[in-house]
Structures are given as structure tokens and as C-alpha cells.
Amino acid sequence: GGAPAGPAGSGKTETVKDLSKALAIMVYVFNCSDQMDYRSLGSIFKGLASSGSWGCFDEFNRIEVEVLSVVATQVKQILQGIRECRDKPSMFTFEGNQMKLVPTCGIFITMNPGYLGRTELPENIKALFRPCSMVIPDYWLICEIFLLAQGFQQARDLSKKFTTLYSLNQE
């Protein structure tokens, strides 16, 4: 899994959803809160592991640090099971129980760093996810390139007009 981090609206969750769509893997998005405990997250992990689906945990750093320490152990058990099963469904031990593991399962965490009420992730969980920084896209440049690819001669002027129109619509 990965750990995209960046400001709101930078496409962290959408990137995970698009990647899963391209690979034809089901993804479930969970909005995390400080009310989540290790039991509820463990149940979610069991479902993801046994179905081979992906889980995208939005604003993962809202979960309390004490819970994240246990979650690190749970995620490590799943990753160890994936390493051992070698691309075919098999059984593995999760929290003391034998269960089915489909190796296409994945866990992604998105974070909005720097906001109030967000915790710093413990090192043991940081080590389990590949970090990725996201920025707010340059809509003007994207629009200009898209219009140029379609053959528009006045792409620069049109892209300015389109981005103004879309920003007004968004407001």
C-alpha cells in the first residue's frame, strides 16, 4: 500500500481509486475518525484480506496513537502473509486465527498533515507504507495540454477561459 499525503483537494483518494480501477480491483474508502478502535479496524482488515480488495483509509492520522500501534501489528501480519503466499490464495494467521488471504489485497492511508486534531504517525506504522506527497494540480496547464492534444490552435487562451469557468462553477 501507499501513504499519499497532501492538502485537501489534491486527489489523494481519487488517485487510489483510479489505480484500483485500472487494475480491476475493488476499493473501499473509509473515513477515519478518533472513534475508530483496533477491533473495528481489525474487522475491516480481515474483510480486505479475505476478499483481495483494497482499503483506502481517508485521514488516517485522525486515529488515536494508541490504536495506531496495534494497527501497525495487524498490517504487518497481513503484509507477512502476502509475502509468504506467493501470488495464490492461501491461509495465514491473523490475530491468532487462521483465515483465507487473497494476495491482491492492499491498504492505503491518506493524510492531511498539519491540521488540528491530526496525530503524527508512529514510526512502526510509517515503515509499512510507501510515502507519496501530493500537491494541488495546476488546472490551467492540464487544460491547456488537453486542448493542444485535441488540436486546438488557441489552447492557451481557451484554457484560461475554461479554468475561470470551472472555478466559478466550483464556487
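For segment 40-171, count all C-alpha to C-alpha pairs, find those more than 20 Å apart, and express that count as a whole percent of the total.
Working: 5135 of 8646 pairs.
When every Cα pair of segment 40-171 is considered, 59 percent fall beyond 20 Å.
Taken one residue at a time, the phi angles of segment 75-84 give Karplus couplings (6.51, -1.76, 1.60, θ = phi - 60°) of 5, 4, 4, 5, 4, 5, x, 5, 4, 7 Hz. Gly and Pro are set to x.
The C-alpha atoms of the chain define a longest principal axis, and helix 155-170 lies at about 60 degrees to it.
When peptides 87-94, 157-164, 56-63 are sorted by average Cβ neighbour count within 10 Å, with the highest value leading, the order is 56-63, 157-164, 87-94.
Which of rounded, prolate, oblate describes segment 4-45, given a ≥ b ≥ c as roots of the alpha-carbon gyration tensor eigenvalues and a/c under 1.5 marking rounded, otherwise prolate only if a/b is larger than b/c?
Working: a/c = 3.65, a/b = 1.34, b/c = 2.72.
Since a/c reaches 1.5 but b/c is at least a/b, the shape of segment 4-45 is classed as oblate.
Here's the picture: charge each Lys and Arg Cβ at +1 and each Asp and Glu Cβ at -1 in segment 1-132, and of Ile78, Leu23, Gly42 the one pushed furthest to the positive end of that dipole is Leu23.
Rolling a 1.4 Å probe over the protein heavy atoms gives the chain an accessible area of 61 Å² per residue.
Quick check on segment 132-171: take the gyration tensor over C-alpha atoms, sort the square-rooted eigenvalues as a ≥ b ≥ c, and tell me if it's rounded (a/c under 1.5), prolate or oblate. Provide the component values of the computation, followed by the final result.
Details: a/c = 3.18, a/b = 1.30, b/c = 2.45.
It comes out oblate by the Cα gyration axes.
Site pair Thr119 and Gln153 shows an inter-label distance of 6.1 nm when each label is modelled 7 Å from Cα along Cα→Cβ. Rounded, prolate or oblate: which fits segment 1-100, taking a ≥ b ≥ c as square roots of the Cα gyration tensor eigenvalues, rounded meaning a/c under 1.5, else prolate when a/b beats b/c? Note, shape of segment 1-100 comes out oblate.
The values are calculated or read from the model by the stated rules, or taken from the named source; none is laboratory data. Because the structure is a prediction, the values reported are computed rather than measured. All Cβ positions, glycine included, derive from the backbone under ideal geometry; neighbour counts span all protein chains shown. SASA here: full protein model, heavy atoms, side chains in, ligands and nucleic acids out. Shrake-Rupley method; radii C 1.70, N 1.55, O 1.52, S 1.80 Å.
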